[in-house]
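This report concerns only the one structure given below.
Any read-out appearing in this document is the output of simple, stated calculations on the displayed coordinates, not a laboratory observation. All of these numbers come straight from a predicted model, not from anything done at the bench. Cβ: placed from backbone, ideal geometry, glycine included. Neighbour counts: every protein chain shown.
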Amino acid sequence: MIPYGRQSISEEDIAAVVSVLRSDFLTQGPVVPQFEQAVAQKVGVAHVVAVNSATSALHIACMALDVGPGDTVWTSPNSFVASANCAIYCGAEVDFVDIDPDTLCMDAQALAVSLQECRKSGKTLPKVVIPVHFSGLSCDMPAIHRLSLEYGFKIIEDASHAVGSVVGFMMGEPAEPVGSCRFSDICVFSFHPVKIITTGEGGAALTQSDELAGRLRALRSHGITRAEGEMTEPSHGGWYYQMLSLGLNYRMTDIQAALGLSQLSRLEQFIEQRQKIAAHYLSLIAAEPKLGEGAVKTQQIPSYCSPSYHLFVAQIPMECHRRCFDALRDSGYGVNVHYIPIHTQPYYLERGFAWGDFPHSEDYYRGAISLPIYPGLPQGAPEAVIDIIAKEIGRPSA
Ligand SMILES: Cc1ncc(COP(=O)(O)O)c(C=O)c1O
């Protein structure tokens, strides 16, 4: 089965992991800070806090921003459940802002309208908004940032898909990597094997704020400090530590960090290969008469972003969606669907959401298929995939 995404592991990656296995520290050693510094340097951010998943990073990001009971967090329905669950872990409520049907990312205009309505009706404004950079395409961050200043919310970018994406929002200014937190308080990366670079499981929370970085570091490791300057009384001795807040064990191991550090050296290569495959899919779709005239829609990429292409989604006419998906799977292509709108999950339906609440995310879901895209995708796979889709779309319905 050719999956929709998978890791690319080199001999150097393996050697880097083995070298940690032969060293004194499997965890809490020197490689995690090395990985953090390398990521920080790559994206131009002051602090990187590596953790054991993006889910954990989202959780401690909400905790660091004091999300709690009585607060509301808004995110995109077109995402993995973790983007919303992080607020529930903190005892807060979740609400959603629909996507722009062209970019598949949170619609900044819809956000503005919801905020306005919220203020008018006296409903609780969001404490935090979590825009999700779907497939690696950055949301319109300057617009969302302007709204954050007007309405007083904080921003956590869910950039789980967007490691290696580059944005240039301002004409005449140099482009910069997603992760610089120019328009957000915290940005979150995922290093799951289907993502751009991997640590097996893993994630990171990035921030420009010294204070937030301190909180994030404490929260990932039980809320414990060993720094005398942070303690409430003089140290009792070399063994002494203090627990200052209720944290968790969300630490990344040095084994994982070694893999991440080695993978990071090939980030540009990975992005180049993903972008090449995406361009190839686009040209195959354009050249296939059965897929013309909008029969298959793809994500619109605004000129401000050069995306990582964690995903490449073909939007199939609803009536052929299931048939195309099954035909691809039956032919050995492990395609998938990203995403079932979060608010339609039974857990969220029980919390009061309903089908119909966010129609753009729901319409998109009814036609979405994520096609295989990863460095090392076998030659000929995109041609075969597009051929199967074209055949199914051309076939009369049973
Ligand atoms: C948008 C988004 N956010 C968060 C996550 C959670 O990432 P992780 O598996 O590293 O916890 C994922 C994982 O697929 C994701 O796609």
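Cβ crowding within 10 Å, taken as a proxy for footprinting-reagent exposure, orders Val113, Val163 from fewest neighbours to most as Val113, Val163. For the options Val313, Val39, Val296, a Gaussian network treatment of the chain with springs between C-alpha atoms closer than 10 Å singles out Val296 as fluctuating the most. When the charge dipole of the chain is built from unit charges on Cβ atoms (+1 for Lys and Arg, -1 for Asp and Glu) and taken about the Cα centre, the candidate among Ala61, Ala15, Ile389 whose Cα reaches farthest toward its positive end is Ile389.
The ratio of the alpha-carbon radius of gyration of the chain to the globular-protein estimate 2.2 N^0.38 Å is 1.02. The label-point distance for Asp387 and Arg226, in a model that sets each label 7 Å from Cα toward Cβ, rounds to 5.9 nm.
Of Gly70, Gly172, Gly203, the residue with the greatest mean-square motion in the GNM of the chain, using alpha carbon springs below 10 Å, is Gly172. Shape verdict for segment 58-144, please, from the Cα gyration tensor: rounded (a/c under 1.5), prolate (a/b greater than b/c) or oblate. Cα axes put segment 58-144 in the oblate bin. In sequence order, segment 363-376 has phi-based couplings of 4, 4, 4, 5, x, 7, 9, 7, 8, x, 8, 5, x, x Hz under the Karplus curve 6.51 cos²θ - 1.76 cosθ + 1.60, θ = phi - 60°, and Gly or Pro positions carry x. Relative to the longest principal axis of the C-alpha atoms of the chain, give the angle of the C-alpha long axis of helix 267-287, reported between 0 and 90° and rounded to the nearest 10°. Its long axis makes an angle of about 20 degrees. From the Cα gyration tensor of segment 222-285, with a ≥ b ≥ c the square roots of its eigenvalues, which class applies: rounded if a/c is under 1.5, or else prolate if a/b is larger than b/c, or else oblate? Cα axes put segment 222-285 in the prolate bin. Axis angle, to the nearest 10 degrees, between helix 31-43 and the longest C-alpha principal axis of the chain: 60 degrees. Phi-derived couplings, Karplus 6.51 cos²θ - 1.76 cosθ + 1.60 at θ = phi - 60°, listed residue by residue for segment 126-139: x, 7, 9, 10, 10, x, 10, 7, 4, 6, x, 7, 5, 5 Hz, with x used for Gly and Pro.
Near Ser53, once Lys and Arg are set to +1 and Asp and Glu to -1 for all other residues with Cβ below 12 Å from its Cβ, the sum equals +2. Summing +1 for each Lys or Arg and -1 for each Asp or Glu among the other residues whose beta-carbon sits under 12 angstrom from that of Ser283 gives -1. Highest GNM mean-square fluctuation among Gly122, Gly238, Gly229, for the chain modelled with Cα contacts below 10 Å: Gly238.
What number, rounded to the nearest 500 deg cm²/dmol, is the helix-based mean residue ellipticity at 222 nm of the chain, given -39500 (n - 2.57) per DSSP H run of at least four residues and division by all its residues? Mind showing how you got there, number by number?
Numbers: 13 runs with 150 residues, N = 398.
Dividing the helical sum by the residues of the chain leaves -11500 deg cm²/dmol.
Over 26 Å between Cα atoms, which of Lys123/Lys195; Lys127/Lys195; Lys42/Lys276 qualify?
Values: Lys123/Lys195 37 Å; Lys127/Lys195 29 Å; Lys42/Lys276 22 Å.
Pairs exceeding 26 Å: Lys123/Lys195; Lys127/Lys195.
Charge tally around Pro101: other residues with Cβ under 10 Å, Lys/Arg +1 each, Asp/Glu -1 each, net -4.
What's the exposure ranking of Cys320, Cys305, going from fewest to most Cβ atoms within 10 Å?
Ascending Cβ contact count within 10 Å gives the list Cys320, Cys305.
Scalar couplings 3J(HN,Hα) for segment 344-358, obtained by applying the Karplus form with A = 6.51, B = -1.76, C = 1.60 to θ = phi - 60°, are 8, 5, x, 4, 7, 4, 5, 8, x, 7, 9, 4, x, 5, 10 Hz; x denotes Gly and Pro.
Counted without the sites themselves, the longest stretch of the chain free of chymotrypsin sites (Phe, Trp or Tyr not before Pro) in a DSSP loop having at most 12 other beta carbon atoms within 10 Å is 1-238. Model label sites at Gln116 and Ile340, defined 7 Å from Cα along the beta-carbon direction, differ in position by 3.5 nm.
In loop segments of segment 1-109 as defined by DSSP, the trypsin sites (Lys or Arg not before Pro) with at most 11 further C-beta atoms inside 10 Å of their C-beta are Arg22. Compared with the dominant Cα axis of the chain, that is its longest principal axis, helix 11-21 is turned about 30°. Distance between the modelled labels on Phe25 and Asn249, one decimal in nanometres: 1.7 nm (7 Å Cα→Cβ projection).
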